[in-house]
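The values are calculated or read from the model by the stated rules, or taken from the named source; none is laboratory data. All values reported here derive from a predicted model rather than from experimental measurement. Every residue, glycine as well, gets a Cβ built from its backbone with ideal geometry; the counts of neighbours run over all protein chains shown. Heavy atoms of the whole protein, side chains included, go into the accessibility calculation; ligands, DNA and RNA do not. Shrake-Rupley method; radii C 1.70, N 1.55, O 1.52, S 1.80 Å.
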Amino acid sequence: MRRVVFNQKGGVGKSTITSNLAAISASQGLRTLVLDLDAQGNTTRYLLGDGADALETSVAEFFTQTLSFAFDPKKSAEYIYETPFEHLHLMPSSPALEELHGKLESRYKIYKLRDALDALAADYDRIYIDTPPALNFYTRSALIAAQRCLIPFDCDDFSRRALYALLDNVKEIQADHNPGLQVEGIVVNQFQPRASLPQKVVQELIDEGLPVLQPYLSASVKIKESHELSRPMIHLDARHKLTQEYVALHDGLKG
């Protein structure tokens, strides 16, 4: 099962949600791969900690290879690293993704990521793809390569307005490139149940028939500690309320 975590809006928790769901999959014994397509590399730093500074290759090198012919190209698996967490592997990000973007788009390498993941299909039970906060070559590649799409959502009116354009963009990818792609659901993040606005905004989404997933992920300072220590919540504090919400969310997903 391949999932892309996508939202064109920044700061909604894509990297955090990607990393924590993947860590839970791995903790349950599933062979799990994370791809970090965001040049900022937050997921890479979250899962590798200081080890992110010593990387010799990345997803940027994978994409660079697609721009020229090679008699003996590197296999997709050669761009993957083990993380400190059992069963959890990572194809890391690189700032070089920014400068590569224009070349990849002009050469129409939009299906190369899907092909690479097809080649890895037998090696992993779960694949999670983190994306940049934009609809660009990398997010389109991820949506074409994935089977399911999770949409992080923070509870404000700006996010709600942006959501409709996002869903239209996903539908366009479905129609033109990937008819098997499904919007699995909207992940409500940083939810504050005692505040009236988050409750109102989320209820409006539900009333409109949008696939809002349960449970909502609570706002918690613990997640900042998790980031600082480069330890996903399942490995930092398995009994924490937010961890249990992540586990329930993970276990509620299909496949």
What residues have an amide H closer than 5 Å to that of Y128, excluding those fewer than 5 places away on the same chain, when H is modeled at 1.01 Å from N in the peptide plane?
-> R3, L33, V34, L35
quick shape note, the chain: Cα extents on principal axes in Å, largest first -> 60, 39, 30
Return the carbon/sulfur percentage of the accessible area of the chain, one whole number, probe 1.4 Å, all protein chains in place.
-> 49
What is the log10 of I(q)/I(0) for the range 47-142, computed with the Debye formula using one identical point scatterer on each Cα and no solvent, at q = 0.23, 0.25 Å⁻¹?
-> -1.46, -1.63
Which angle between 0 and 90 degrees, to the nearest 10, do you get for helix 196-207 versus the longest principal axis of the chain when only C-alpha atoms count?
-> 70
If you line up the Cα atoms of the range 95-157 on their principal axes, what length do they span on each, largest first, in Å?
-> 39, 32, 19
Which lysines have a Cα lying under 30 Å from the Cα of K224, excluding residues fewer than 8 positions away in the same chain?
-> K9, K14, K200, K241, K254
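Determine the per residue accessible area of the range 22-75 with all protein chains present and a 1.4 angstrom probe, expressed in square angstrom. Display every interim value, and only then the final one.
Values: 2520 Å² over 54 residues.
Value for the range 22-75: 47 Å² per residue.
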Centroid-to-centroid separation of the range 161-216 and the range 37-116 [C-alpha atoms, Å] = 28
Here the percent of antiparallel bridges among DSSP beta bridges lying wholly in the chain, to the nearest 5, is 5
By its C-alpha gyration tensor, with a ≥ b ≥ c as the square roots of the eigenvalues, how is the range 137-214 shaped: rounded for a/c under 1.5, else prolate for a/b larger than b/c, else oblate?
-> prolate
Using a cut-off of under 18 Å, list every residue of the range 160-198 whose amide N is near the label point 7 Å from the Cα of S220 along the Cα-to-beta-carbon line.
-> 187-195
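How much mean residue ellipticity at 222 nm does the chain get from its helices, if each DSSP H run of length 4 or more adds -39500 (n - 2.57) and you divide by all residues, to the nearest 500 deg cm²/dmol?
Working: 11 runs with 113 residues, N = 255.
Taken over the chain, the calculation gives -13000 deg cm²/dmol.
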Kindly provide log₁₀ I(q)/I(0) values, in the same order as q = 0.14, 0.17, 0.21, 0.35 Å⁻¹, from the Debye equation applied to equal alpha-carbon scatterers of the range 1-41.
-> -0.33, -0.48, -0.70, -1.38
What longest range of the chain stays clear of loop-exposed chymotrypsin sites (Phe, Trp or Tyr not before Pro) (DSSP non-H/G/I/E/B, at most 11 other C-beta within 10 angstrom)?
-> 109-255
For the chain, built as a Gaussian network whose Cα springs stay under 10 Å, the top-fluctuating residue of R107, R231, R140 = R107
Computed P(r) (all Cα pairs; the range 1-101; 10 Å bins; percent) = 15, 46, 32, 7, 0
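Please label the shape of the range 188-255 as rounded, prolate or oblate, based on the square roots a ≥ b ≥ c of the eigenvalues of the alpha-carbon gyration tensor (a/c under 1.5 means rounded; beyond that, a/b larger than b/c means prolate, else oblate).
Values: a/c = 2.91, a/b = 1.56, b/c = 1.87.
Note, shape of the range 188-255 comes out oblate.
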Which log10 I(q)/I(0) values, to two decimals, does the range 118-255 give at q = 0.21 Å⁻¹ under the Debye formula with one point per Cα?
-> -1.44
